[in-house]
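S.K.: The following block contains the structure, expressed as structure tokens.
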Amino acid sequence: MTIKVGDKVPSVTLRHLTPEGPKEITTDELFGGKKVVLFAVPGAFTRTCSERHLPSYVGNAAALSAKGVDTIACIAVNDVFVMSAWGKERQADKIMMLGDGNADFVKAMGLELDRVKEGMGIRSQRYAMLVENGIVKALNVEKPGEFAVSSAEAMLETL
């Protein structure tokens, strides 16, 4: 079942790279007591994700923070090292780059995307959500092949 506005984000462990190495973070830690914008991409280094989606959040990080967002996070079904390298390449130092390497989070959210035919396995649909203290307040899921409702600009309008 797909998560919807008003639902609590499922409890899952994700990973991000710190100066000390890979670190686990639970969704309870990530979202608890905070206002978080999380956007999901089908894959790091892929065309639309690299050229449009991540840059929209990098360029609007200050505007999102000014609207009271505590954390901006990007997630993909990639390992933590790939997510970190992609973030460095795209100068996404204001974005928490999260790896969902086993697709645990995307499956718990009900937002998986079957890209097996394309040789990419199970990935995440493209979406953005606003989460306040663990509760989904806005969820903007893209139609396959589109990029509009999950952009940082669209999220700023939501806020």
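S.K.: Name the long-range amide H neighbours of ILE25: under 5 Å, sequence gap of 5 or more, or other chain; modelled H, no Pro or chain starts.
M.R.: Sorted by chain and number, the residues that satisfy this are LEU14, ARG15, HIS16.
S.K.: Let me ask something additional. ³J(HN,Hα) across the range 2-12 via Karplus (A = 6.51, B = -1.76, C = 1.60, θ = phi - 60°), whole Hz, x for Gly/Pro?
M.R.: 7, 4, 9, 4, x, 7, 7, 5, x, 7, 9
S.K.: Sticking with this one: Considering only the other residues whose Cβ falls under 12 Å of the Cβ of MET83, what net charge follows from Lys and Arg at +1 and Asp and Glu at -1? List each step's numbers first, then the result.
M.R.: Values: positive: ARG15, LYS88, ARG90; negative: ASP79, GLU89, ASP100.
Combined, the nearby Lys, Arg, Asp and Glu give 0.
S.K.: If amide H atoms are built 1.01 Å from N in the plane of the peptide, which residues on other chains or at least 5 residues away come under 5 Å of the amide H of MET96?
M.R.: When sequence neighbours closer than 5 places are left aside, the close amide H contacts are ILE72, ALA73, CYS74.
S.K.: Is it possible to state the helix-based mean residue ellipticity at 222 nm for the chain, with each DSSP H run of 4+ residues giving -39500 (n - 2.57), the sum divided by total residues, to the nearest 500 deg cm²/dmol? What is it?
M.R.: Numbers: 6 runs with 40 residues, N = 159.
Calculated from helices alone, the mean residue ellipticity at 222 nm is -6000 deg cm²/dmol.
S.K.: Please list, in order along the range 144-159, the HN-Hα scalar couplings obtained from phi with the Karplus expression 6.51 cos²θ - 1.76 cosθ + 1.60 (θ = phi - 60°), rounded to whole Hz, x for Gly and Pro.
M.R.: Result, ordered by residue: x, x, 10, 9, 7, 7, 9, 6, 5, 4, 5, 5, 4, 5, 5, 6 Hz.
S.K.: With a point put 7 Å past each Cα toward its Cβ, work out how far LYS4 is from LYS67 in nm, to one decimal.
M.R.: If labels sit at LYS4 and LYS67, their model points lie 2.4 nm apart.
S.K.: Amide H of ALA138 versus every other amide H placed in the peptide plane: which residues, excluding those fewer than 5 positions away on the same chain, fall under 5 Å?
M.R.: The list, which skips near neighbours in sequence, is LEU130.
S.K.: Could you sort the peptides 26-33, 78-85 by per-residue average Cβ neighbour count (10 Å cutoff), highest mean leading? Each step should come with its number before you reach the end.
M.R.: Numbers: 26-33: 16.0, 78-85: 19.5.
Result, highest mean Cβ count within 10 Å first: 78-85, 26-33.
S.K.: At a threshold of 8 angstrom on Cα-Cα distance, excluding pairs fewer than six apart, so keeping six or more, what relative contact order does the range 50-106 reach in percent? Please list the in-between numbers first.
M.R.: Values: 63 pairs, mean separation 22.7, N = 57.
Dividing the mean separation by the residue count of the range 50-106 yields 40 percent.
S.K.: In whole Hz and in residue order, list the ³J(HN,Hα) couplings for the range 29-43 that follow from phi through the Karplus curve 6.51 cos²θ - 1.76 cosθ + 1.60, θ = phi - 60°; x for Gly and Pro.
M.R.: 5, 5, 9, x, x, 10, 9, 10, 9, 10, 10, 10, 10, x, x
S.K.: Taking the mean number of other Cβ atoms within 10 Å as a proxy for protection, how do you rank 36-49, 146-159, 89-102 from highest to lowest? Can you show the working numbers first?
M.R.: Details: 36-49: 21.4, 146-159: 16.4, 89-102: 17.9.
Going by the mean number of other Cβ atoms within 10 Å, highest first, we get 36-49, 89-102, 146-159.
S.K.: Can you tell me the relative contact order of the chain? Whole percent, Cα pairs under 8 Å, sequence separation 6 or more.
M.R.: On the way: 330 pairs, mean separation 48.9, N = 159.
It rounds to 31 percent for the chain.
All of the numbers you see were taken from the coordinates with simple rules; none came from a lab. Please read these numbers as outputs of a predicted model, since none were measured by experiment. Cβ atoms come from the backbone with ideal geometry, glycine included; neighbour counts cover every protein chain shown.
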